[in-house]
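No value in this document is a laboratory result; all are computed from the given coordinates. The model shown is predicted, which means the values in this text are computed figures rather than measured ones. When we count neighbours, we look across all protein chains shown, and the Cβ atoms used for this are built from the backbone with ideal geometry, even at glycine.
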Amino acid sequence: MYLGVSDFNARYGAKNFTIEELEQAIDYAHLRNVKVFLTLNTLVKNDELNDVLQLAEKAYEYGIDAVIVQDLGLASLLFKYFPNLPIHASTQMTCHNLSGAKFLESYGFKRIVLARELSINEIEYIKSNTSCQIEVFAHGALCISYSGQCLYSSLIGGRSR
């Protein structure tokens, strides 16, 4: 189960969990053998890094099963400070070929959510040639243009979420 906590997720405008509710949600899901993945899948600005790392630390303490990210800089910090926490590559990273998947695999990502534009044959080829778990969206995208290219919404709203 993917979920967001207040800031730093692509569902910023939705009713997200508060940090206070996060521990309860994780416990509830784990009692039912459901894994919980924290969405930190937006671009993070310099002045937001401390806040997002504090959120990741709390989630890690609460037993989050993985974190999904878009921002490669944030990912590098998460790998450094939380080496035992599985990190997933969001579709916003626009991984659309084997070379990209192999790069993310070598970087330490455990799961890659591929770009939505891939054919079933392209997905199969990537899956057959990487040890990462592969996830895909079956349908749906609110972004205009290509998966993960949310620059326009960032420009008009001042944020990537």
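Scalar couplings 3J(HN,Hα) for region 88-100, obtained by applying the Karplus form with A = 6.51, B = -1.76, C = 1.60 to θ = phi - 60°, are 10, 8, 5, 4, 5, 6, 6, 6, 10, 8, 5, 4, x Hz; x denotes Gly and Pro.
Each Cα pair under 8 Å and six or more residues apart adds its separation to the average, and for region 30-126 the resulting relative contact order is 23 percent.
With the simple model of a label 7 Å out from the Cα in the direction of the Cβ, Asn129 to Ser106 spans 1.4 nm.
By the rule of a C-alpha distance below 14 Å, with chain neighbours fewer than 8 residues away ignored, the aspartates and glutamates paired with Lys15 are Asp7. Could you work out how far the C-alpha centroid of region 68-83 sits from that of region 38-55, in angstrom? Each part reduced to its Cα centre gives a spacing of 10 Å.
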